[in-house]
Amino acid sequence: MLSINRRLFLPILLLLLWSCNQKSNVIESNDSVFAAVKAKGAISCTSGMSAQDAASYLKAGGTAFELTIENKVVAPKTLPAGMVFISGGEFSMGSPDSDALSESSKGASSDCQEIHRVSVNAFLMDAYEVTNAEFEKFVKATGYKTVSETIPTSDEFPGVPADMLFAGSVVFSPPNQPVPLNDFMAWWKYIPQANWKSPFGKGSSIKGKENYPVVHISWEDAAAFAKWAKKRLPTEAEWEFASRGGKTGNLYAWGNQFKLNGKFMANTFQGNFPNNDTKEDGFNGIAPVGMFPPNAYGLYDLAGNVWEWCEDWYNDTYYGELKQNGIANNPQGSQTSNDPDEPGVSKKVQRGGSFLCTDQYCTRYMVGTRGKGDWRTGTNHVGFRCAKDVK
């Protein structure tokens, strides 16, 4: 699992753009220098579990899951518009060890271990991912500019001339032919002026997509929206409790079968990744919110569509630390960020996977798995939803 991190590759990309005399609006991902930098940690997911291993995976660690015990609390008489009451309770959080499975699945759940008991208080959660229309209201009310709309500073990228720093973001750009899945630079491009209101760069817009999840949102942007809305981002523990819907140890937010009655339950990638999405689920790319059935708590799109930011700092060893201390009450995440793939890069937790998830490459739509991303980096497959304390 690697994350897009503009801090690592943008300076090189800027130099590449300059060397091409800015003849192109897109910095091509097949450039050798670009590839060398991006390989250090460029995308949201680089590992997953094969379809053949999914059932065995659950059986391998199923005994570690203990029964979910929901709190016996009464929901408020009135709820904020668009939010769902979650009772909270005690549950088993995390994923079984995948290393005993086939070679293709080894390491897929290494940062989701160990399975540990967690207790969370009752809370409220958005039924849907935050949409373009909602984010636009926030921007109009506050004048807020997202990270992708802001020209990077020389302090953030020392040594890069100011006239070579430009705003932009990273966009999934599928190749025209099959490519090796260890060459993930082949399907990402850094596009100047790509941001939440122009998802594919200059000339693109969100007109007609008001009910789609907002993307190109960094953690910093999501937290700013949540504060304005008098909400907050969910903790990782709250997110997983809500996603499990009161059930115990299921593979997915809806159960243990990827399809129910032959129907897709989430917006993911079908066909040959990354060049040919056959859109068997009805969508090629992002879908409007709420196109698939909700889970048992009435929450939509907890798997696929777009990754969702959580409040917590990402730490690959955090679950093991919690396991040693018995039941963790309302854990707020690690105090520090640690990712051995990119030491020194501050990352926040992402959950749920995206429209790019596929059993060929990334199965992070499985409910116990984790994502991670540089806290000041967004892409066109990362969004968020909010939570709120019960009063």
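Taken together, the values in this text are just the output of simple stated rules run on the coordinates, not laboratory data. Remember, it's a predicted structure, so these values are computed and weren't measured experimentally. Ideal geometry is used to build each Cβ from the backbone, glycine not excepted, and the neighbour counts take in all protein chains shown.
Between rounded, prolate and oblate, where does the stretch 197-273 land on the alpha carbon gyration tensor, with a ≥ b ≥ c its root eigenvalues, rounded for a/c under 1.5, else prolate if a/b exceeds b/c?
Note, shape of the stretch 197-273 comes out oblate.
Do the alpha carbons of any pairs in K77/K209; K72/K259; K140/K209; K197/K372; K140/K259 sit beyond 29 Å of each other, and which pairs? Show your work: numbers first, answer last.
On the way: K77/K209 33 Å; K72/K259 32 Å; K140/K209 17 Å; K197/K372 24 Å; K140/K259 40 Å.
Distance filter (> 29 Å) returns K77/K209; K72/K259; K140/K259.
Remark: the stretch 243-259, residue by residue, has Karplus-estimated 3J(HN,Hα) of 5, 6, x, x, 8, 10, x, 5, 5, 10, 5, 10, x, 10, 10, 4, 10 Hz, where x stands for each Gly or Pro and the curve is 6.51 cos²θ - 1.76 cosθ + 1.60 at θ = phi - 60°.
Distance from the C-alpha centroid of the stretch 238-253 to that of the stretch 330-359: 18 Å, rounded to the whole angstrom. Amide hydrogen proximity for K372: with H placed 1.01 Å from N in the peptide plane, the residues at 5 or more positions away or on another chain lying under 5 Å are Q350. With the simple spin-label model, which puts each label point 7 Å out from Cα in the Cβ direction, the A81 to N329 separation comes to 3.7 nm.
For the stretch 375-386, backbone phi angles converted through the Karplus equation (6.51, -1.76, 1.60; θ = phi - 60°) give residue-by-residue couplings of 5, 10, 10, x, 9, 8, 10, 10, x, 5, 9, 10 Hz, Gly and Pro being listed as x.
Rounded to 0.05, the FRET efficiency of the L67 and T336 pair, given R0 = 41 Å and the Cβ-Cβ distance, is 0.80. Along each principal axis, taking the top coordinate minus the bottom one, the Cα set of the stretch 259-300 gives 35, 22, 13 Å in descending order. Can you bin the stretch 329-391 into rounded, prolate or oblate? Criterion: square roots of the alpha carbon gyration tensor eigenvalues sorted a ≥ b ≥ c, rounded for a/c under 1.5, prolate for a/b above b/c, oblate for the rest. In terms of gyration-tensor shape, oblate. Dividing the radius of gyration of the alpha carbons in the stretch 246-391 by their Kirkwood radius gives 0.98 for Rg/Rh. Restriction of the trypsin sites (Lys or Arg not before Pro) in the stretch 207-305 to DSSP coil positions whose beta-carbon has at most 16 other beta-carbons within 10 angstrom yields K207, K209, K230, K279.
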